[in-house]
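Report on one structure; see the data block that follows.
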Amino acid sequence: GENVEQHPSTLSVQEGDSAVIKCTYSDSASNYFPWYKQELGKRPQLIIDIRSNVGEKKDQRIAVTLNKTAKHFSLHITETQPEDSAVYFCAAIPSGGNEKLTFGTGTRLTIIP
Amino acid sequence: DAGITQSPRHKVTETGTPVTLRCHQTENHRYMYWYRQDPGHGLRLIHYSYGVKDTDKGEVSDGYSVSRSKTEDFLLTLESATSSQTSVYFCAISLDTAGYTFGSGTRLTVV
(Lines give C-alpha, C1' and ligand atoms only; values in the text may rest on other atoms or scores of the structure.)
Protein backbone atom coordinates (compact mmCIF):
# COMPACT_ATOMS: atom_id res chain seq x y z
CA GLY A 1 0.00 0.00 0.00
CA GLU A 2 0.85 3.68 -0.04
CA ASN A 3 3.33 5.07 2.47
CA VAL A 4 3.56 8.80 3.16
CA GLU A 5 6.46 10.27 5.11
CA GLN A 6 6.32 13.81 6.45
CA HIS A 7 9.10 16.09 7.72
CA PRO A 8 9.77 17.80 9.99
CA SER A 9 7.62 16.61 12.88
CA THR A 10 7.93 20.01 14.58
CA LEU A 11 8.74 23.41 13.13
CA SER A 12 9.07 26.80 14.77
CA VAL A 13 9.36 29.99 12.73
CA GLN A 14 9.33 33.69 13.50
CA GLU A 15 6.17 35.52 12.63
CA GLY A 16 6.45 36.89 9.11
CA ASP A 17 8.94 34.24 7.97
CA SER A 18 8.13 31.34 5.64
CA ALA A 19 7.47 27.72 6.61
CA VAL A 20 7.99 24.65 4.44
CA ILE A 21 6.73 21.14 5.17
CA LYS A 22 7.77 18.24 2.97
CA CYS A 23 6.19 14.87 2.20
CA THR A 24 7.23 11.88 0.14
CA TYR A 25 5.01 9.10 -1.14
CA SER A 26 5.74 5.61 -2.36
CA ASP A 27 3.03 4.77 -4.91
CA SER A 28 3.85 6.38 -8.25
CA ALA A 29 0.20 5.94 -9.29
CA SER A 30 -1.06 8.29 -6.55
CA ASN A 31 -2.75 11.25 -8.17
CA TYR A 32 -4.30 13.44 -5.46
CA PHE A 33 -2.42 15.20 -2.66
CA PRO A 34 -4.36 17.25 -0.08
CA TRP A 35 -3.09 19.15 2.94
CA TYR A 36 -5.05 19.43 6.16
CA LYS A 37 -4.71 21.85 9.07
CA GLN A 38 -5.74 20.81 12.55
CA GLU A 39 -5.96 23.37 15.31
CA LEU A 40 -5.80 22.22 18.91
CA GLY A 41 -8.90 20.24 19.84
CA LYS A 42 -10.48 20.69 16.42
CA ARG A 43 -11.11 18.53 13.38
CA PRO A 44 -8.64 18.40 10.45
CA GLN A 45 -9.70 20.78 7.69
CA LEU A 46 -8.66 20.82 4.06
CA ILE A 47 -6.59 23.91 3.23
CA ILE A 48 -5.21 23.14 -0.22
CA ASP A 49 -4.83 20.22 -2.60
CA ILE A 50 -3.06 19.38 -5.84
CA ARG A 51 -3.55 16.78 -8.52
CA SER A 52 -0.81 14.94 -10.37
CA ASN A 53 -1.33 16.86 -13.61
CA VAL A 54 -0.33 20.14 -11.92
CA GLY A 55 3.10 21.17 -10.61
CA GLU A 56 2.12 24.03 -8.33
CA LYS A 57 -0.99 25.58 -6.84
CA LYS A 58 -1.36 28.77 -4.80
CA ASP A 59 -4.05 30.18 -2.56
CA GLN A 60 -3.08 33.51 -1.02
CA ARG A 61 -0.23 32.79 1.44
CA ILE A 62 -0.33 29.03 0.92
CA ALA A 63 1.18 27.08 -1.95
CA VAL A 64 1.77 23.42 -2.71
CA THR A 65 4.35 22.03 -5.13
CA LEU A 66 4.51 18.53 -6.57
CA ASN A 67 7.46 16.69 -8.07
CA LYS A 68 6.11 13.47 -9.56
CA THR A 69 9.53 12.23 -10.66
CA ALA A 70 10.92 12.43 -7.14
CA LYS A 71 7.54 11.52 -5.58
CA HIS A 72 7.47 14.40 -3.17
CA PHE A 73 5.24 17.38 -2.50
CA SER A 74 5.61 20.36 -0.21
CA LEU A 75 3.47 22.94 1.58
CA HIS A 76 4.76 26.51 1.62
CA ILE A 77 3.31 29.16 3.94
CA THR A 78 4.58 32.69 3.45
CA GLU A 79 4.30 35.71 5.78
CA THR A 80 3.35 33.43 8.66
CA GLN A 81 0.91 34.67 11.29
CA PRO A 82 0.09 33.42 14.80
CA GLU A 83 -3.13 31.80 13.51
CA ASP A 84 -1.00 29.53 11.29
CA SER A 85 0.08 27.65 14.44
CA ALA A 86 -1.44 24.17 14.12
CA VAL A 87 -0.65 20.60 13.11
CA TYR A 88 -0.47 20.08 9.36
CA PHE A 89 -1.02 16.73 7.64
CA CYS A 90 -0.19 15.76 4.10
CA ALA A 91 -1.96 12.87 2.40
CA ALA A 92 -2.04 10.90 -0.83
CA ILE A 93 -4.55 8.68 -2.56
CA PRO A 94 -3.00 5.43 -3.75
CA SER A 95 -4.06 3.40 -6.74
CA GLY A 96 -6.69 0.72 -6.28
CA GLY A 97 -9.80 2.82 -6.16
CA ASN A 98 -12.33 3.48 -3.40
CA GLU A 99 -10.72 6.82 -2.63
CA LYS A 100 -8.96 6.17 0.69
CA LEU A 101 -6.33 8.65 1.80
CA THR A 102 -3.06 7.72 3.47
CA PHE A 103 -1.85 10.45 5.83
CA GLY A 104 1.57 11.56 6.92
CA THR A 105 2.30 11.68 10.65
CA GLY A 106 1.87 15.44 10.91
CA THR A 107 3.97 18.56 11.51
CA ARG A 108 3.37 20.77 14.51
CA LEU A 109 3.99 24.33 13.34
CA THR A 110 4.53 27.03 15.95
CA ILE A 111 4.69 30.69 14.97
CA ILE A 112 6.82 32.72 17.35
CA PRO A 113 5.50 36.29 17.80
CA ASP B 1 -22.06 21.80 11.06
CA ALA B 2 -20.25 20.61 7.89
CA GLY B 3 -22.99 17.98 7.32
CA ILE B 4 -21.33 15.35 9.48
CA THR B 5 -21.80 14.64 13.16
CA GLN B 6 -20.23 12.15 15.52
CA SER B 7 -21.63 10.82 18.75
CA PRO B 8 -20.76 10.67 21.51
CA ARG B 9 -18.13 13.42 21.69
CA HIS B 10 -16.53 11.94 24.78
CA LYS B 11 -16.77 8.51 26.35
CA VAL B 12 -15.08 6.68 29.19
CA THR B 13 -15.56 2.93 29.27
CA GLU B 14 -14.14 -0.05 31.06
CA THR B 15 -11.85 -2.68 29.59
CA GLY B 16 -13.79 -5.55 28.07
CA THR B 17 -17.02 -3.66 27.41
CA PRO B 18 -18.47 -3.15 23.93
CA VAL B 19 -18.56 0.39 22.56
CA THR B 20 -20.27 1.81 19.48
CA LEU B 21 -19.45 5.14 17.93
CA ARG B 22 -21.81 6.73 15.43
CA CYS B 23 -21.15 8.88 12.40
CA HIS B 24 -24.08 10.58 10.70
CA GLN B 25 -23.96 12.58 7.47
CA THR B 26 -26.53 14.70 5.67
CA GLU B 27 -24.49 15.12 2.47
CA ASN B 28 -25.47 11.83 0.76
CA HIS B 29 -21.77 11.11 0.15
CA ARG B 30 -20.87 7.63 -1.01
CA TYR B 31 -17.66 7.21 0.96
CA MET B 32 -17.32 7.15 4.74
CA TYR B 33 -14.25 6.43 6.85
CA TRP B 34 -13.17 5.84 10.40
CA TYR B 35 -9.72 7.02 11.48
CA ARG B 36 -7.99 7.02 14.82
CA GLN B 37 -5.54 9.73 15.81
CA ASP B 38 -2.69 9.06 18.20
CA PRO B 39 0.41 11.13 18.98
CA GLY B 40 3.26 10.27 16.64
CA HIS B 41 1.03 8.24 14.32
CA GLY B 42 -1.09 10.84 12.62
CA LEU B 43 -4.39 9.61 11.24
CA ARG B 44 -4.66 5.88 10.63
CA LEU B 45 -7.51 4.26 8.73
CA ILE B 46 -9.56 1.70 10.66
CA HIS B 47 -12.37 0.84 8.24
CA TYR B 48 -14.10 2.51 5.36
CA SER B 49 -17.29 2.18 3.35
CA TYR B 50 -17.94 2.78 -0.33
CA GLY B 51 -21.69 2.22 -0.17
CA VAL B 52 -24.52 0.73 1.84
CA LYS B 53 -23.36 -2.64 3.18
CA ASP B 54 -20.02 -2.23 1.35
CA THR B 55 -17.14 -1.96 3.79
CA ASP B 56 -13.47 -2.85 3.89
CA LYS B 57 -10.60 -2.91 6.34
CA GLY B 58 -7.98 -0.25 6.78
CA GLU B 59 -4.47 -0.55 8.22
CA VAL B 60 -5.49 -0.84 11.90
CA SER B 61 -8.75 -2.82 11.78
CA ASP B 62 -8.00 -5.49 14.42
CA GLY B 63 -10.49 -5.25 17.30
CA TYR B 64 -12.94 -3.09 15.34
CA SER B 65 -15.99 -3.79 13.23
CA VAL B 66 -18.26 -1.49 11.23
CA SER B 67 -21.70 -1.43 9.73
CA ARG B 68 -23.46 0.76 7.21
CA SER B 69 -27.12 -0.08 6.77
CA LYS B 70 -28.07 3.39 5.50
CA THR B 71 -26.19 5.92 3.39
CA GLU B 72 -26.18 8.44 6.22
CA ASP B 73 -24.92 6.28 9.09
CA PHE B 74 -21.59 4.52 9.63
CA LEU B 75 -21.11 2.75 12.95
CA LEU B 76 -17.80 1.73 14.50
CA THR B 77 -17.90 -0.98 17.17
CA LEU B 78 -15.21 -2.03 19.58
CA GLU B 79 -16.35 -5.52 20.51
CA SER B 80 -14.30 -5.68 23.71
CA ALA B 81 -12.52 -2.43 24.45
CA THR B 82 -8.85 -2.48 25.44
CA SER B 83 -6.61 0.28 26.81
CA SER B 84 -4.74 0.38 23.47
CA GLN B 85 -7.96 1.62 21.88
CA THR B 86 -7.88 4.81 23.92
CA SER B 87 -7.70 7.40 21.18
CA VAL B 88 -9.48 10.16 19.33
CA TYR B 89 -11.69 8.75 16.59
CA PHE B 90 -12.58 10.76 13.51
CA CYS B 91 -15.19 9.96 10.95
CA ALA B 92 -14.84 11.44 7.47
CA ILE B 93 -16.93 11.58 4.32
CA SER B 94 -16.09 12.20 0.70
CA LEU B 95 -17.95 12.42 -2.56
CA ASP B 96 -14.95 11.70 -4.73
CA THR B 97 -11.32 12.80 -4.73
CA ALA B 98 -12.29 16.33 -3.76
CA GLY B 99 -11.03 15.80 -0.24
CA TYR B 100 -12.48 14.62 3.01
CA THR B 101 -14.74 16.41 5.44
CA PHE B 102 -14.09 15.31 8.99
CA GLY B 103 -16.43 15.10 11.92
CA SER B 104 -15.60 16.75 15.24
CA GLY B 105 -14.14 13.57 16.69
CA THR B 106 -14.88 11.26 19.62
CA ARG B 107 -12.44 11.11 22.49
CA LEU B 108 -12.56 7.56 23.87
CA THR B 109 -10.86 6.55 27.09
CA VAL B 110 -10.70 2.88 28.07
CA VAL B 111 -9.89 2.37 31.75
Of the residues in region B:44-81, those that are basic (Lys, Arg) and surrounded by fewer than 15 Cβ atoms within 10 Å (Cβ to Cβ) come to B:53, B:57, B:70
Whether any residue in region A:42-54 is charged (D, E, K, R) and over 30 Å from residue B:49 (Cβ atoms) is what I want to check.
no
With the checklist (1) over 23 Å from residue A:2 (Cα atoms); (2) surrounded by fewer than 15 Cβ atoms within 10 Å (Cβ to Cβ) in hand, flag the one item residue B:40 doesn't pass.
(1)
Give just the number: which of (1) part of a strand (DSSP E or B); (2) more than 20 Å from residue B:107 (Cβ to Cβ); (3) in contact (Cβ under 8 Å) with a residue 24 or more places away in the chain does residue B:6 not satisfy?
(2)
Could you list, in sequence order, all residues of region A:80-98 that are surrounded by 19 or more Cβ atoms within 10 Å (Cβ to Cβ), part of a loop (DSSP other than H, G, I, E, B) and either at pLDDT below 95 or within 10 Å of chain B (Cβ to nearest Cβ) (or both)?
A:93, A:94
Pull up region A:1-23, narrow it to residues that are assigned to a strand (DSSP E or B) and either at positive phi or more than 14 Å from chain B (Cβ to nearest Cβ) (or both), then point me to the one that is surrounded by the fewest Cβ atoms within 10 Å (Cβ to Cβ).
A:14
Which of the residues spanning region B:58-96 are more than 18 Å from residue B:41 (Cα to Cα), in contact with a Leu (Cβ under 9 Å, 6 or more places away or on another chain) and within 14 Å of chain A (Cβ to nearest Cβ)?
B:66, B:68, B:94
Just checking, how many residues over region B:97-111 are surrounded by fewer than 16 Cβ atoms within 10 Å (Cβ to Cβ), aliphatic (A, V, I, L, M) and either in contact with a strand residue (DSSP E or B) (Cβ under 6 Å, 6 or more places away or on another chain) or more than 14 Å from every other protein chain (Cβ to nearest Cβ) (or both)?
1
Go through region B:13-43 residue by residue and tally those that are over 17 Å from residue B:64 (Cα atoms) and either in contact (Cβ under 8 Å) with a residue 12 or more places away in the chain or of a type outside the set (Gly, Ala, Ser) (or both).
10
For residue B:36, indicate whether it is among the basic types (Lys, Arg), out of contact with any helix residue (DSSP H, G or I) (no Cβ under 6 Å at 6 or more places or on another chain) and within 14 Å of another protein chain (Cβ to nearest Cβ).
yes
Could you tell me whether any residue of region A:54-63 is in contact with a His (Cβ under 8 Å, 6 or more places away or on another chain) and either surrounded by fewer than 17 Cβ atoms within 10 Å (Cβ to Cβ) or within 15 Å of residue A:84 (Cβ to Cβ) (or both)?
yes
Whichever residue in region A:35-53 is buried (at least 18 other Cβ atoms within 10 Å of the Cβ) and modelled with pLDDT under 95 and, among such residues, is farthest from the chain's Cα centre (by Cα)
A:50
Residue satisfying condition, being free of Cβ contacts under 8 Å to residues at least 12 places away in the same chain and assigned to a strand (DSSP E or B), within set B:56, B:62:
B:56
Filter result (part of a loop (DSSP other than H, G, I, E, B) and within 14 Å of chain B (Cβ to nearest Cβ)) within region A:28-77:
A:29, A:30, A:31, A:39, A:40, A:41, A:42, A:43, A:44, A:52, A:53, A:54
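The values are calculated or read from the model by the stated rules, or taken from the named source; none is laboratory data. Since this is a predicted model, take the numbers as computed values, not measurements. All Cβ positions, glycine included, derive from the backbone under ideal geometry; neighbour counts span all protein chains shown.
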